[in-house]
Every structure is written in C-alpha cells, then in structure tokens.
Ligand SMILES: C[S@@+](CC[C@H](N)C(=O)[O-])C[C@H]1O[C@@H](n2cnc3c(N)ncnc32)[C@H](O)[C@@H]1O
C-alpha cells in the first residue's frame with residue numbers, strides 16, 4: 001500500500017546553492033518506481049519489512065505501511081511531515097548511527113531505500129553546512145558523502161539496501177576499496193543502470209551512469225573481481241561487463257608519473273586521464289608540465305595519440321561507459337596505430353618532429369571502423 005505521497009517534485013525550498021550544499025537533487029517518481037520494482041522482484045514477499053530512507057528529502061521514497069525517513073534539512077522534514085504518515089527524524093544520519101536512533105530493534109527486517117547525496121564534501125559551498133556535514137562517525141568518514149551513506153547502511157545492519165548511487169562507486173577500484181566496510185557484508189544481486197540525465201537538474205552537465213542497486217546482506221560480501229565480472233543491465237536492456245574491455249592504463253600512465261619517467265625521456269605532456277567523461281572535458285596534449293600532466297615517452301606516445309583521437313569519438317560512446325577508464329582493443333589498435341598518430345599530429349602540429357609519420361589515405365574510415373568494432377552493440381550512431 002502506498003501511504004506516502006508522490007515524488008514528482010523538486011527540492012523547491014532550496015536554491016541551487018542550497019541544493020548543491022545538501023546534495024539535494026530529488027528523485028523523479030519513475031526512478032522511485034524503478035527501485036520498488038527491483039525490491040518486489042528480489043525481496044521475499046512473505047516477510048514484513050520496515051522501509052527506511054536516511055536521506056529522505058520530502059519523503060518521496062517512502063512507501064509501505066511502516067516507513068521511516070530522516071534528513072539533515074529541517075525544512076524538508078517539515079514539509080515531509082505535513083504530507084505523509086511516515087515517521088520522520090530531523091538529524092544528521094551519519095552521526096551516532098544505530099538502529100536505536102530510529103527506535104528499531106535488532107530483529108526487525110529492514111530495507112533501506114533512497115538516493116543518498118553524492119558529492120565530494122570539498123565542493124560544499126556554505127561553511128555552516130560544511131562543518132555540520134563533517135561530523136560523522138569515524139568508521140563512515142569518506143571524501144564522498146554517498147560512500148559514507150553506504151557504509152552507514154552496514155552499521156544499521158539493513159537486510160536489504162536498494163538505493164541509487166553513481167556507478168563509479170563500484171567500478172572505480174579506489175572507490176570500491178573505500179566501500180570495504182559495506183562490501184564485506186553486502187552483495188549486489190540485481191540492478192539497473194541509467195543516465196544522470198534522468199534527474200532534470202543535473203542533465204545539463206556531462207551525463208554519467210547511475211545505478212539502482214539491490215544489495216543483500218550476505219556474509220561473503222563481494223570483492224572487486226565480482227564487480228568486474230558482473231553483468232550490468234541498463235534501463236534500455238543493454239548488458240555490459242567491465243571485464244570485457246581492456247584499458248589504456250595497461251600500456252601507458254594515466255596519472256602524473258614524474259617519479260617513473262625522467263625529464264630526458266619526456267617528449268610531450270598529456271593531461272591526466274581519469275576516465276572517459278574527464279577526457280571529454282579536458283585538454284589532451286599540453287605544451288608545459290603542470291601538477292596535472294603525464295610525461296610521455298617516445299614509446300608511449302602512440303597510446304596518448306589514441307586517447308586524443310578517442311576524445312573525438314566520445315559522441316559514439318554511451319553514457320554508461322563514462323566513468324570507465326579509456327577502453328582499447330590493443331591488438332586492433334597496434335595494426336592501425338600509424339593512422340591514430342597521423343590524425344593526432346594533424347590536430348597537434350607540435351608533435352610533428354617527435355614521431356615519424358607517413359601520409360595514409362582513408363585514415364578516418366579505418367579509425368571509424370575500429371571504434372565501431374570496439375564498441376559493438378554499444379556503438380552510438
Ligand atoms: C539526493 S537528495 C534525496 C532526497 C530524497 N530521498 C529523494 O530522492 O527525493 C539527498 C538528501 O540527503 C540529505 N542529506 C545530506 N546530508 C545528510 C546527512 N548527513 N544526514 C541526513 N540527510 C542528509 C539532503 O538534505 C537531501 O535531502
């Protein structure tokens with residue numbers, strides 16, 4: 001039974017600055033439905049669950065006979081209280097985390113739902129909120145608020161967790177490692193990946209993949225290998241597994257490498273390559289070294305030409321690969337490496353003297369075919 005109210009409203013009481021500070025971009029109703037469809041499919045329906053959203057905003061995720069919401073934002077909670085029968089708490093959900101906080105006993109079956117704030121805590125603009133949001137139990141402290149929230153679900157010993165969060169929490173190894181306290185006890189058993197563009201307020205920026213993830217509390221938990229092999233399904237029924245793609249990091253440095261590469265060996269500089277979305281926005285070859293540049297040697301140069309050319313093909317790469325490392329089919333690339341070099345030198349004449357090149361016809365056609373084959377069914381026309 002749905003005793004809550006519908007979630008098709010934005011965080012109207014906050015201006016953009018306030019929304020950024022709280023990480024408050026409320027969830028459209030069709031995504032709340034998506035979460036409940038996943039729960040229906042996966043949680044045994046002979047059990048009675050309590051639904052809890054510890055970052056509930058106006059309470060858009062709260063459905064069911066017994067549901068509890070909490071939020072640090074007083075006005076949001078006031079609004080929520082006026083509009084539904086759920087029980088609400090106005091508090092910082094990352095501090096003194098325990099079932100007791102919500103008057104829940106150890107035995108009650110719990111499902112945590114919601115869309116926890118995801119933002120880098122260093123991006124919070126308002127000082128008072130920044131100070132408040134820094135107060136966290138030591139064992140959930142993390143640079144990203146969303147990671148802290150996932151860890152808090154483990155402390156609450158929720159039987160199931162079905163929340164929206166950036167896919168990068170799972171597929172980026174450094175993030176995954178930060179989640180250890182959570183991943184030791186939870187396993188991803190069902191999910192749907194969709195674009196951040198589904199949240200209207202953020203659709204103007206580069207779209208990134210968000211996952212509606214269903215986790216089961218499980219003594220085995222999951223390791224990174226589990227995620228690498230996991231078959232992610234998108235909202236349009238595309239299936240991908242990150243294990244199926246080789247990445248450029250296996251052949252060339254993605255990050256500043258001045259400790260490994262001497263100045264003498266260096267022939268050019270490239271901007272740090274965090275992931276495909278970062279490459280979309282960032283510069284590629286640079287004339288000068290900065291704290292953000294990678295040193296390129298004669299041997300590694302073809303790989304940076306590859307990344308430089310891939311940047312032009314990003315409109316053909318779907319949003320769900322946006323947080324992946326730069327993907328490559330190394331054997332196929334090596335066969336036509338000179339075409340990539342030619343294309344890149346045309347764009348950056350300063351590379352001319354560094355690498356020998358011949359003039360090839362049809363370079364664009366061959367490169368185009370390479371990317372079509374690399375992406376297969378994921379190639380976007
Ligand atoms: C992305 S919004 C989600 C709101 C709602 N669940 C929805 O999806 O429509 C994130 C919410 O987290 C709240 N929040 C941020 N930090 C918090 C904290 N430490 N404790 C509790 N709530 C917090 C914000 O005020 C905001 O309402």
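The values are calculated or read from the model by the stated rules, or taken from the named source; none is laboratory data. Owing to the predicted nature of the structure, the values given are computational and were not obtained by experimental measurement. Cβ sites come from the backbone with ideal geometry, for glycine too, and all protein chains shown count toward neighbours.
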Notebook entry, point to check: Has the range 215-227 got at least one residue that is over 30 Å from residue 156 (Cα atoms) and surrounded by 16 or more Cβ atoms within 10 Å (Cβ to Cβ)?
Noted result: no
Notebook entry, point to check: Given the residues 287, 264, which is the only one that is at pLDDT below 95, over 19 Å from residue 316 (Cα atoms) and not assigned by TED's automatic domain parsing to the domain that holds residue 193?
Noted result: 287
Notebook entry, point to check: Across the range 149-176, what is the number of residues that are surrounded by 22 or more Cβ atoms within 10 Å (Cβ to Cβ) and more than 15 Å from the ligand (Cβ to nearest atom)?
Noted result: 7
Item checked: Residues satisfying the stated conditions in the range 232-246, i.e. part of a strand (DSSP E or B) and either under 18 Å from the mean Cα position of the chain (by Cα) or on the phi > 0 side of the Ramachandran plot (or both) -> 232, 233, 234, 239, 240
Notebook entry, point to check: Is it the case that some residue within the range 136-148 is within 10 Å of the ligand (Cβ to nearest atom), more than 23 Å from residue 166 (Cβ to Cβ) and modelled with pLDDT under 95?
Noted result: no
Checklist line | Pairs where the first residue, in the range 328-342, is in the same structural domain as residue 374 (by TED's automatic domain parsing) and the second is surrounded by 15 or more Cβ atoms within 10 Å (Cβ to Cβ) and modelled with pLDDT under 95, C-beta under 8 Å, 6+ apart | finding: 338/357; 339/363; 341/355; 341/357; 342/357; 342/363
Next item on the list: State all residues of the range 224-243 that are farther than 22 Å from residue 182 by Cβ and in contact with a helix residue (DSSP H, G or I) (Cβ under 8 Å, 6 or more places away or on another chain); if no residue qualifies, say none.
Entry: 234, 235, 238, 240
